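These notes concern the structure reproduced below.
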Amino acid sequence: MPAATPGPVPALARLRILLIEDEREITDPLTYSLEREGYETTVAHDGAEGLRKAQTLLPDLVILDLMLPGLPGEEICRQLRAGERTREIPIIILSAKAEETDQVVGFSLGADDYVTKPFSVKVLVQRIKALQRRLDAGGDAPDVIEHLGVRIDRVRHRAYSGGGELELTPTEFRLLECLLRQPGRAFSRHQLMDAAIGDGAIVLERTIDVHIKTLRRKLGDTELIETVRGVGYRFREGAA
């Protein structure tokens, strides 16, 4: 009896992933695991090669180490976010730098998620799937939302505050949209992460605090996003 041929990979798994990591003891087993999940995986073992492949291959997702030979991951992240064709590519930082300040830097450079080493491959795969669900999901929310001088345009994927355009990462944009859509409503950290990264994302509560910290700084008014003690955060409902 002939062996059954495998069925098509679900649409959720059809991601082209670029893994920029110099440690082969990480890239080899991680590539194997990702390909078993159905992802098309390309590897770069130094920073310059990784940036070149990102700019030419235009992958659906970049997994990026920070401490790389040739060109540091921070510079790669900065250049990808500055590029016209690469600025919307989701980036997951995979780094041994585990301090909160390191994560703040990573998110401020444009990372969508930050995973510290040592890491669980299963958790990393779940984060990838959460990002893909967010990319595939549609929505019926209004195209333009405005409150207290902050405005976001979902069609053009632009945000403004005080008349000036904000330079937000994709995750920060989705987080601001969630808060701005329902001013005065208190959101838990898990609710915000579900809205900003995707349903079922496995994250630490500290991650949302890092995002809020950088978002407040970019808005230029730390009182627009209020802390709800014991719950999470809300966008201010009325004038101060």
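Structure values in brief
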quantity	calculated
Evaluation of Pro118 against (1) over 16 Å from Glu172 (Cβ atoms); (2) in a helix (DSSP H, G or I); (3) modelled with pLDDT of 85 or more (one fails), failing number	(2)
Residues of region 26-79 that turn out to be open to solvent by 60 Å² or more (accessible area, probe 1.4 Å) and either under 15 Å from Val125 (Cβ atoms) or among the charged types (D, E, K, R) (or both), as a count	9
Matching residues in region 1-25 - criterion: being at pLDDT 90 or above and open to solvent by less than 60 Å² (accessible area, probe 1.4 Å)	Ile17, Leu18, Leu19, Ile20, Glu21, Asp22
Residues within region 203-238 that are part of a loop (DSSP other than H, G, I, E, B) and either over 21 Å from Glu100 (Cα atoms) or touching a residue at least 40 places away in the same chain (Cβ under 8 Å) (or both), tallied	9
Which listed residue, of Val123, Val43, is in contact (Cβ under 8 Å) with a residue 24 or more places away in the chain, farther than 21 Å from Asp209 by Cβ and of a type in the set (A, V, I, L, M, F, W, C)	Val43
Meets criteria (modelled with pLDDT of 90 or more, of a type in the set (Gly, Ala, Ser) and under 18 Å from the mean Cα position of the chain (by Cα)) for Gly106	no
Among the candidates Arg78, Arg87, residue that is modelled with pLDDT under 90 and either part of a helix (DSSP H, G or I) or in contact with a Leu (Cβ under 8 Å, 6 or more places away or on another chain) (or both)	Arg87
Boolean, Ile197 is at pLDDT below 90, touching a helix residue (DSSP H, G or I) at 6+ places or on another chain (Cβ under 6 Å) and within 27 Å of Ile93 (Cα to Cα)	yes
Residue list for region 80-109, filter: among the polar types (S, T, N, Q) and either in contact with a Ser or Thr (Cβ under 7 Å, 6 or more places away or on another chain) or surrounded by 15 or more Cβ atoms within 10 Å (Cβ to Cβ) (or both)	Thr86, Ser95, Gln103, Ser108
Any chance His190 is open to solvent by less than 30 Å² (accessible area, probe 1.4 Å) and modelled with pLDDT under 90	no
Residues that are modelled with pLDDT of 85 or more and either under 15 Å from the mean Cα position of the chain (by Cα) or surrounded by fewer than 19 Cβ atoms within 10 Å (Cβ to Cβ) (or both), drawn from region 162-173	Gly164, Glu165, Glu167, Leu168, Glu172, Phe173
Enumeration of residues in region 174-185 that are farther than 15 Å from Thr222 by Cα and open to solvent by less than 10 Å² (accessible area, probe 1.4 Å)	Leu175
Answer from Val105, Val123 - the residue that is touching an Asp or Glu at 6+ places or on another chain (Cβ under 9 Å) and in a helix (DSSP H, G or I)	Val105
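The values are calculated or read from the model by the stated rules, or taken from the named source; none is laboratory data. In this text the structure is predicted, and so the values were computed from the model without any measurement. Here the Cβ is made from the backbone with ideal geometry for all residues, glycine too, and neighbour counts use every protein chain on show. When the accessible area is computed, the model is the full protein with side chains, heavy atoms only, and any ligands, DNA or RNA have been set aside. Shrake-Rupley method; radii C 1.70, N 1.55, O 1.52, S 1.80 Å.
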